[in-house]
Amino acid sequence: MGRSMFDPYREDIKRWCEDGLTCTQMLEKLGGGYLRASLYEYIRRYELRYPKKYEKCQDRNKCDECEFCREFRNWKGTFDKSNRICTKAWQVISYGVIYCPTWCEKGGENG
């Protein structure tokens, strides 16, 4: 692992991230003339702000394509797994949806 100009301040930066300070506020505390982009990249690279990716989504229900989910034909006339519609709510489910949409009854409290 290479050395960074922010390594001496790592514990302070980690604590400030936990306290919810923005990069601009951290730069004011550090002083010195550091670039905001450099600090942001340091925080992102070493995952100081959000140590676990998608931590807030872990308690959500996965979309299990219930009995109301139906595939529909795309413009070419073929069925595609990514094209779905909920026949109960009559809403299109975007192809990138992994977790239950917020309007889905199957999602329950965490939907």
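Report yes if some residue within the range 41-51 is farther than 29 Å from TYR99 by Cβ, charged (D, E, K, R), at pLDDT below 85 and not in a helix (DSSP H, G or I); otherwise report no. For the range 41-51, residues farther than 29 Å from TYR99 by Cβ, charged (D, E, K, R), at pLDDT below 85 and not in a helix (DSSP H, G or I): absent. For beta carbons closer than 7 Å, sequence separation of 6+ or different chains, a first residue in the range 17-34 that is within 18 Å of ARG45 (Cα to Cα) and a second that is β-branched (Val, Ile, Thr), the qualifying pairs are CYS17/ILE43; MET26/ILE13.
The values are calculated or read from the model by the stated rules, or taken from the named source; none is laboratory data. Being a predicted model, the structure only gives us computed values, none of them experimental. As a convention, Cβ positions derive from the backbone with ideal geometry for all residues, glycine included, and neighbour counts pool all protein chains shown.
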